[in-house]
Amino acid sequence: MENFTTTPASQGKHPKRNIWKILWLSFLALAIGSLIFTAGFFIYFAKDLPSPGKVNSRFIAESTKIYDRTGEHLLYEVHGEEKRTLIPYEEMPEVIRTATITLEDQEFYSHHGIKFTSIVRAVLADVLHRGAKQGGSTITQQFVKNSLLSPEKTLTRKIKEVILSLEMETKFSKDEILAMYLNEIPYGSNAYGIEAASETFFGKHARELGLDESTLLASLPNAPSYYSPYGSHADALKARQEFALQKMANAGYITQEQADEAKQTDVLAKLKPQSEKIQAPHFVMYIKEYLESKYGDQTIEQDGLKVYTTLDWDKQVIAEQVISDGAAKNEKYKANNASLVSVDPKTGQVLAMVGSKNYWDKSIDGQVNVSIRDRQPGSSFKPYVYLTAFTKGYLPETMIYDTPTNFSTDDGKEYAPNNYDGKFHGPLSLAKALGGSLNIPAVKTLYLVGVKDALTLAKSLGITSLNQPDRYGLSLVLGGGEVKLLDHVSAYATLATGGVKHPQTAILKIEDSKGNVLEEYHDNPGERVVEEKYVAMLDSILSNNENRAWIFGENNPFRSDTRPMAAKTGTTNGFHDAWAIGYTPSLSTGVWVGNSKNEEMSTGADGSVVAAPIWRAFMDKALANSAIEEFPKYNSEDEIGDGDGKTNKLMLAGKLDEAKDLKVCQVPGKEDKYCIANKYCPDKEADKKTFISGHDILYYVNTSDPRGDTPEKPDRDSQYKQWEKGVKKWYEDKENAKHTIVGDVPTEECKEGDFTKFLPSISLSAPSDATTTSVSFSASVDAPLGIKDVTFSVDGNGIGSSSSDHPSVSYSIPAEKNNSTLNVEVKVTDDNGNTKSDSKSVSVHF
């Protein structure tokens, strides 16, 4: 029998009880520790927090002042004095409450002051962006931020905001918090609270607001300066208001019919006129938006910043005057608006900005700053494309054909642009093509350089739009994309410096209320983005009046006999936009003319007519009494010829494969064959003609290496056949081909056998026997080209001559010739030098 040893049950279970006891005590310690840490954390950050009950205790606000570059002209003052009228919750329309909740905090009535997921998202965004940013705030948090805390953007302030928000929710009801929020939140234009906003923007009490007005005001707090109904983004404000209406309908606060009706209402037309004192208003609002984006609304409205801008007050006054005068003259072209920007090329500083002809004119959306809106630039974009061509090896002298061309390679589709004057001009240089603003050579040039490379260069100069290169085709060179006038002028400013780009800036210095400098402009050498020699090529074209005059007339607005000026116009299809952009080495200026709502102007309202005169008026006044500066010089001898870095390539070096005024004759019976005229071809059959190969530039250059070898098989290029077809068609026109033959240049002289019908003939009459000492000879001559002379000879010795077609001569036979044979010859020479002879033998017996 086996023996077993037993252990009491209590003794076996004791170790398990110890493990659970240890785990429980550890958890309790962790919980207590976490509670103590959390409490300490909150106590640490809450020790200096204001009381949530003191929501109206605010520091004294100071206004931000915006000056011109001298600090002598106060352009605008963002007042620290707030407009605020507190009203009870009951006087706040339900629609403003629901609209605010819809846009700012849809879970307002369900959370406890904060939304943990939003905070985490905001913190992650802060970390990823390496700086504290605002975001994920509830209505309670927004109220705390604006009422009880400083506007600093730090993680510490965010923590304090969370603590106070939780405390607010324990002391006040949701309705009370919403009421305080609607009485406190900034709506822009120094209006704090819904009552002040209602009075400021609509001139009525909040309780009188309609659905359309309430949703418009509810759209402002998100970004009061950006969405200001008096600023340049009224269309964005309207879009946000319609977004709010749709969300309210989706949430059931209003019906879809009510939302649609409010969307259709022109609520912006109900706004009160802005009464603030402001100079250079579009520029000021441009600055204000910059300040808001960098420092926040609360800072610029309360912290007493001093902002010294780059604005040149004298030039701004000139700009406003020329825009006003020019716009008045352009009314006959049904153009109701205009804009101007001027930049210092050597610094990138904005010197003048006029965003519309009248900031206060609502009928033209005058408060919209057209200079920072995207518009199609028309032909004013062409210089970027030609400059790209120069960087790739093409020259101002490079020849290209302006002929009818369908650039589409898809069957059944067509892209065949026309020129401004409706004509085709055959072979011409890039300089003449750009100066005359011809469209077909411009499209060909864009094809040669490539759309992406042209865009890359334009953006390196200063263009910030056109960010989808795959979306643009060859029409880009005719203004098929959109650019901002401010960017366009800045890009031309880079041309003015010979290819050195200076960052665009409108701020010289910003100080806080204590005199601390927050930011300041410093001179910098700029960044070279393109070699000067290529810009010099472009300057030589755009500043030479001869390149424009053949299309736009000798006395066009860009003609300048006293000061070098480079300029280009642009006009979009349908006359929606007209441009004039140009520069001297010290000033780059651009003018846009059109209609704010993109309506068509009258036919003929092109850039040279409605925009160029404004540009010229500004430049003449702005540059008066300033030093005359020259552009870098372009010398074609540095590029054309033999030697390193030079080219003599046909077309590329400005030479056509042709022979001019070559005296030729058409070979009889061979319609397309010519020979170099000589004595065999009668003068009446000869003519001076120009022979040309009839090939466009793709026959001679490889687009990837224009100065390399001539392509062996140019027809492999997808555009080759279309371009060649256009050239052939142009020369088929009888007027164009009147003295031009398309084909190989003749190298052989005319041959006698080809022109036998024009050769002379002659027949000699002489007796066969001579029985006396005197004998007569005669001849019959036929010389279509005319008889120069007919000579008779005996035994090689001349015996007489004549120019008659029936000459005769008498000859006395010497005695010693008796009983011999005479060799008689007659020879005719025609007026072209052709000869023919005949001879006979005469026996002598006397």
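The values are calculated or read from the model by the stated rules, or taken from the named source; none is laboratory data. Computed from a predicted model, the values in this text were never measured in an experiment. Reconstructed Cβ throughout: ideal geometry from the backbone, glycine too, with neighbour counts over all protein chains shown. Accessible surface is based on the protein model in full, side chains and every heavy atom, while ligands, DNA and RNA are left aside. Shrake-Rupley method; radii C 1.70, N 1.55, O 1.52, S 1.80 Å.
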Quiz item: Of all residues in the stretch 772-786, which are farther than 26 Å from residue 821 by Cα and either among the aromatic types (Phe, Trp, Tyr) or open to solvent by 40 Å² or more (accessible area, probe 1.4 Å) (or both)?
Solution: 782, 784
Exercise. Determine which member of the set 134, 142 is within 26 Å of residue 200 (Cβ to Cβ), modelled with pLDDT under 80 and either out of contact with any helix residue (DSSP H, G or I) (no Cβ under 6 Å at 6 or more places or on another chain) or not in a loop (DSSP other than H, G, I, E, B) (or both).
Key: 134
Practice problem: Could you please find all residues in the stretch 286-323 being open to solvent by 60 Å² or more (accessible area, probe 1.4 Å) and either over 27 Å from residue 514 (Cβ atoms) or out of contact with any strand residue (DSSP E or B) (no Cβ under 9 Å at 6 or more places or on another chain) (or both)? | Solution: 293, 314, 317, 320, 321
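Quick grid of which residues meet (1) closer than 21 Å to residue 194 by Cα; (2) touching a strand residue (DSSP E or B) at 6+ places or on another chain (Cβ under 6 Å); (3) open to solvent by 20 Å² or more (accessible area, probe 1.4 Å); (4) modelled with pLDDT of 90 or more:
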position	(1), (2), (3), (4)
222	yes, no, yes, no
226	yes, no, yes, no
236	yes, no, yes, yes
240	yes, no, yes, yes
248	yes, no, no, yes
260	no, no, yes, yes
267	yes, no, no, yes
274	yes, no, yes, no
277	no, no, yes, no
Self-check item: Unique residue being assigned to a helix (DSSP H, G or I) and within 30 Å of residue 410 (Cα to Cα) when the list is 712, 724
Solution: 724
Quiz item: Out of the stretch 776-811, which residues are hydrophobic (A, V, I, L, M, F, W, C) and over 15 Å from residue 825 (Cβ atoms)?
Solution: 783, 785, 787
Exercise. Residues being in a strand (DSSP E or B) and of a type in the set (Gly, Ala, Ser): count how many of those fall in the stretch 763-808.
Key: 14
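Checking the structure you have, find out if any residue of the stretch 618-625 is touching a residue at least 40 places away in the same chain (Cβ under 8 Å), closer than 25 Å to residue 428 by Cβ and touching a strand residue (DSSP E or B) at 6+ places or on another chain (Cβ under 9 Å).
To start, the set of residues in the stretch 618-625 that are touching a residue at least 40 places away in the same chain (Cβ under 8 Å) comprises 618-619, 621-623.
Among the residues that remain, those that are also closer than 25 Å to residue 428 by Cβ are: none.
No, the conditions are met nowhere in the stretch 618-625.
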Quiz item: Quick one: what pairs do we get from the stretch 683-698, first residue farther than 17 Å from residue 664 by Cβ, second in a strand (DSSP E or B), C-beta under 6 Å, 6+ apart or different chains?
Solution: 696/401; 697/400
Quiz item: Cβ-Cβ below 6 Å, separation at least six or inter-chain, first residue in the stretch 702-731 and over 13 Å from residue 406 (Cβ atoms), second assigned to a helix (DSSP H, G or I) and open to solvent by 70 Å² or more (accessible area, probe 1.4 Å): which pairs?
Solution: 714/699
Practice problem: Give just the number: which of (1) of a type outside the set (Lys, Arg); (2) open to solvent by less than 30 Å² (accessible area, probe 1.4 Å); (3) closer than 27 Å to residue 484 by Cβ does residue 464 not satisfy? | Solution: (2)
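Mind listing whichever residues of the stretch 375-401 are in contact with a strand residue (DSSP E or B) (Cβ under 6 Å, 6 or more places away or on another chain) and not aromatic (Phe, Trp, Tyr)? Outline the logic, then answer.
From the stretch 375-401, those in contact with a strand residue (DSSP E or B) (Cβ under 6 Å, 6 or more places away or on another chain) are 375-380, 383, 397, 399, 401; that's our starting set.
Of everything in the stretch 375-401, those that are in contact with a strand residue (DSSP E or B) (Cβ under 6 Å, 6 or more places away or on another chain) and not aromatic (Phe, Trp, Tyr) turn out to be 375, 376, 377, 378, 379, 380, 383, 397, 399.
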Self-check item: Candidate set: the stretch 757-771, residues that are surrounded by fewer than 11 Cβ atoms within 10 Å (Cβ to Cβ) and of a type in the set (Ser, Thr, Tyr); chosen: the one farthest from residue 816 (Cα to Cα)
Solution: 768
Practice problem: Pick out, from the stretch 492-584, the strands (runs of 3 or more DSSP E) lying fully within it that include 3 or more residues that are closer than 30 Å to residue 64 by Cβ and open to solvent by 10 Å² or more (accessible area, probe 1.4 Å). | Solution: 507-511, 517-520
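More than 30 Å from residue 818 (Cβ to Cβ), charged (D, E, K, R), in contact with a Lys or Arg (Cβ under 8 Å, 6 or more places away or on another chain) and surrounded by 14 or more Cβ atoms within 10 Å (Cβ to Cβ) - does that describe any residue in the stretch 701-723?
Yes.
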Quiz prompt | Lone unmet requirement of (1) at pLDDT 95 or above; (2) crowded, with 19+ Cβ neighbours inside 10 Å for residue 367 | solution = (1)
Practice problem: Being within 24 Å of residue 758 (Cα to Cα) and charged (D, E, K, R) is the filter here, so list the residues in the stretch 787-838 that pass it. | Solution: 788, 789, 805, 825, 827, 830, 831, 836, 838
Quiz prompt | When residues of the stretch 810-829 are limited to those that are within 10 Å of residue 793 (Cβ to Cβ) and either of a type in the set (D, E, K, R) or open to solvent by less than 30 Å² (accessible area, probe 1.4 Å) (or both), the one farthest from the chain's Cα centre (by Cα) | solution = 824
Quiz item: Do the conditions hold for residue 253, that is, is it touching a strand residue (DSSP E or B) at 6+ places or on another chain (Cβ under 9 Å) and either modelled with pLDDT of 95 or more or among the aromatic types (Phe, Trp, Tyr) (or both)?
Solution: no
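Looking at 633, 655, 649, 728, which one is under 30 Å from residue 473 (Cβ atoms), basic (Lys, Arg), under 39 Å from the mean Cα position of the chain (by Cα) and open to solvent by 60 Å² or more (accessible area, probe 1.4 Å)?
Values: 633 fails: under 30 Å from residue 473 (Cβ atoms); 655 fails: under 30 Å from residue 473 (Cβ atoms); 649 fails: open to solvent by 60 Å² or more (accessible area, probe 1.4 Å).
Exactly one of 633, 655, 649, 728 is under 30 Å from residue 473 (Cβ atoms), basic (Lys, Arg), under 39 Å from the mean Cα position of the chain (by Cα) and open to solvent by 60 Å² or more (accessible area, probe 1.4 Å), namely 728.
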